[in-house]
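For reference, the structure is listed below as structure tokens.
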Amino acid sequence: MKKATNEEKEALEKYLLQFLNIEKQFPLLPGISNTEAVANLFGLEESELIKLRDTFKQNAKEAALELLKDDDVTDWLDQLPFKPDDTIIAIGDSSTDDLQSWFQILREILNIYVPEADFTFINAGHTNDTSTEALRRLHRDVLSYEPDWVIVSLGMFDVMRLSIAPKRTLLPLSETWENLSTIEDAIREVTDNPVIWITPPPVIPGLLDKMELFDFDISDEDLAQVRQIIAGKTGYIVDPTGKRMGNPPEAWYYLSDGINPSLSGQVNTTKAILYTLATTNEEKKGSQMGSAESLE
């Protein structure tokens, strides 16, 4: 096994590893359940991989504990629509797949605040997924579990503009619309509960250009069109105008790529979700529901 250099280990710890959840992306690969084999792919010892992953998980737990000190948060938790034995699944891209994502923080909050409950949480996020890729795996990763609640956080990578084709987004807006509508219709076949939609946040201009790993750009003008699609959906709409990271967005809430949220940014999304779920009027079910705009 070729060992990762100190520089490579630093990159894994500060940016890459929290998104490299290859066990989810390649579930049928022989040996994928062997943690030592997975660690070897990263040039790490098994103990190093476990320690680094545990660090991100601990970050999510500590963020949850901090949120539980907020009186508004505990008030919102008392008003959530979840039942104690619900299965809650999130499908999304890297902001969901992140080992310290909003979904991980939400899981920790609910497990701590309602310890007697028997929730099932499944994180079906895949790093860099478009809505097309999410739709393709929807049955296997989401519908087959017959979830009570599905949280959808997609659209960011639909609007990538590749360096070789900057005049077009990766997916046309019409395809994003079709994909999200199909995902919504499919979810309705397995649960009567409305979909929880999370809009993509804006990006920090210029930061993405400095990332050698990426050869694409994302503009907030393109993202705004995706938000418009989501804002017109039925269900819970979290942050329809994309202002949960500040207006204008603040770099503090992002990682160095200017796209993916930092832990602080993930906390903002978690608060927006809790607020939206808690402040929706019962009589509005089946139509567009509450947003997180009063959190601004």
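The values are calculated or read from the model by the stated rules, or taken from the named source; none is laboratory data. This one's a predicted model, so the numbers in the text were calculated from it and none came from an experiment. Ideal geometry is used to build each Cβ from the backbone, glycine not excepted, and the neighbour counts take in all protein chains shown. These accessible areas exclude ligands, DNA and RNA; they are computed on the full protein's heavy atoms, side chains included. Shrake-Rupley method; radii C 1.70, N 1.55, O 1.52, S 1.80 Å.
Tabulated results
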| item | result |
| --- | --- |
| Matching entry among VAL226, VAL203 (being assigned to a helix (DSSP H, G or I), touching a residue at least 24 places away in the same chain (Cβ under 8 Å) and open to solvent by less than 20 Å² (accessible area, probe 1.4 Å)) | VAL226 |
| Some residue of the stretch 29-41 being open to solvent by less than 80 Å² (accessible area, probe 1.4 Å), more than 30 Å from GLY258 (Cβ to Cβ), assigned to a helix (DSSP H, G or I) and without any contact (Cβ under 8 Å) to a residue 24 or more places away in the chain | yes |
| Count of the stretch 109-139 residues which are in contact with a Ser or Thr (Cβ under 9 Å, 6 or more places away or on another chain) and part of a helix (DSSP H, G or I) | 6 |
| Cβ pairs under 8 Å, 6+ apart, first in the stretch 1-18 and of a type in the set (A, V, I, L, M, F, W, C), second assigned to a helix (DSSP H, G or I) and open to solvent by 50 Å² or more (accessible area, probe 1.4 Å) | MET1/ASN40 |
| Pairs, first more than 15 Å from PHE56 (Cβ to Cβ) and of a type in the set (Asp, Glu) in the stretch 90-109, second part of a helix (DSSP H, G or I) and open to solvent by less than 10 Å² (accessible area, probe 1.4 Å), C-beta under 8 Å, six or more apart | ASP93/ALA134; ASP93/PHE157 |
| Close pairs from the stretch 233-252: first closer than 25 Å to ASP185 by Cβ, partner among the hydroxyl-bearing types (Ser, Thr, Tyr) and not in a loop (DSSP other than H, G, I, E, B), Cβ under 6 Å, at least 6 apart | TYR236/THR276; VAL238/THR276 |
| Cβ-Cβ under 6 Å pairs, at least 6 apart or on other chains, the stretch 158-185 side among the aliphatic types (A, V, I, L, M), far side in a loop (DSSP other than H, G, I, E, B) and open to solvent by 30 Å² or more (accessible area, probe 1.4 Å) | MET160/LEU170 |
| Of the criteria (1) open to solvent by 20 Å² or more (accessible area, probe 1.4 Å); (2) in a helix (DSSP H, G or I); (3) in contact with a Ser or Thr (Cβ under 8 Å, 6 or more places away or on another chain), which one PRO194 fails | (2) |
| In the stretch 240-265, residue most open to solvent (accessible area, probe 1.4 Å) [restricted to those that are assigned to a helix (DSSP H, G or I) and among the hydrophobic types (A, V, I, L, M, F, W, C)] | TRP252 |
